[in-house]
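Before any comments, here is the structure.
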Amino acid sequence: MAEGMVLEVLTPERSVLREEVRSVVVPGACGYLGVLRRHAPMVVKLRAGVVKYRPAGREAGGPFERLAVSGGFLEVSQDRVLVLAPAAELAKDIDVMRARAARDRARARLRSREAGIDTARAQAALERALARLLAARE
Ligand code: ATP
């Protein structure tokens, strides 16, 4: 692991990714955050968004791979970046039609004036859907 570190993405259901990478960018609760090898250990809360990473061996300015996370936590320790998320999907596994439908449903709820709308829940669903569409580049 000359230049790399291991990026591991876990949900309660499955291991989404375990790959040697050279850099990672995550959606921290306070903004996007880059991690390179030998970053100081830390734990950061994540928001729904896109995790971007460059696989080991890819040139420094090369393209990123992308996955969507619905929130969770990042832990950086010696040569390992661990993302623990309620849900996460690699870009290629994202069902774009489903994410569009979820986005439209959430927007309709947020626009609705009906009583009993759980605004925070609809807002969170909207953010998950937008993260998926962004990761899938739709
Ligand atoms: P929906 O309303 O479409 O179910 P959601 O945001 O409520 O969306 P989650 O509760 O975050 O869905 O996720 C439930 C499961 O479905 C997780 O395993 C997640 O990875 C998967 N999932 C949700 N949306 C998609 C999608 N667009 N493409 C692929 N997998 C998805």
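The values are calculated or read from the model by the stated rules, or taken from the named source; none is laboratory data. Just so it is clear, the model here is predicted, and its values are computed rather than measured. No Cβ is skipped: glycine too gets one built from the backbone with ideal geometry, and neighbour counts run over all protein chains shown. Remember, those area values only see protein heavy atoms, side chains included, never the ligands or the DNA or RNA. Shrake-Rupley method; radii C 1.70, N 1.55, O 1.52, S 1.80 Å.
Ordered from highest to lowest accessible area with the whole protein assembly present and a 1.4 Å probe, Ser70, Ser15 read as Ser15, Ser70. When only alpha carbons are used to place a centre, the range 18-46 and the range 55-113 end up 14 Å from one another. Karplus-derived 3J(HN,Hα) values for the range 58-73, using 6.51 cos²θ - 1.76 cosθ + 1.60 with θ = phi - 60°, are 7, 4, 4, x, x, x, 8, 8, 9, 9, 9, 10, 9, x, x, 9 Hz; glycine and proline are entered as x.
Roughly what angle does helix 96-111 make with the longest principal axis of the chain, taking Cα atoms, 0 to 90 degrees, to the nearest 10? Tilt of helix 96-111: around 50 degrees. For the chain, the longest principal axis of the Cα atoms and the long axis of helix 119-135 meet at an angle of about 50 degrees. When the Cα convex hull of the range 5-91 is projected onto planes of every orientation, the mean area is 4.9 nm². Quick one: grab the alpha carbon gyration tensor of the range 30-72, order the square roots of its eigenvalues as a ≥ b ≥ c, and give me rounded if a/c is under 1.5, else prolate or oblate depending on whether a/b is larger than b/c. Because a/c hits 1.5 or more and a/b fails to exceed b/c, the range 30-72 counts as oblate.
Using just its DSSP H runs of length 4 or more, each adding -39500 (n - 2.57), the chain gives a mean residue ellipticity at 222 nm of -8000 deg cm²/dmol after division by all residues.
Protection proxy ranking, highest mean first, for peptides 118-129, 29-40, 84-95: 84-95, 118-129, 29-40, where packing is the per-residue count of other beta-carbon atoms within 10 Å, averaged.
For the range 1-82, the share of DSSP beta bridges that are antiparallel, to the nearest 5, is 90%. Given in Å, the Rg to one decimal and the Dmax to the nearest whole number for the Cα atoms of the range 94-136 are 10.6, 34. Its relative contact order, with pairs defined as Cα atoms under 8 Å and 6+ residues apart, puts the chain at 24 percent.
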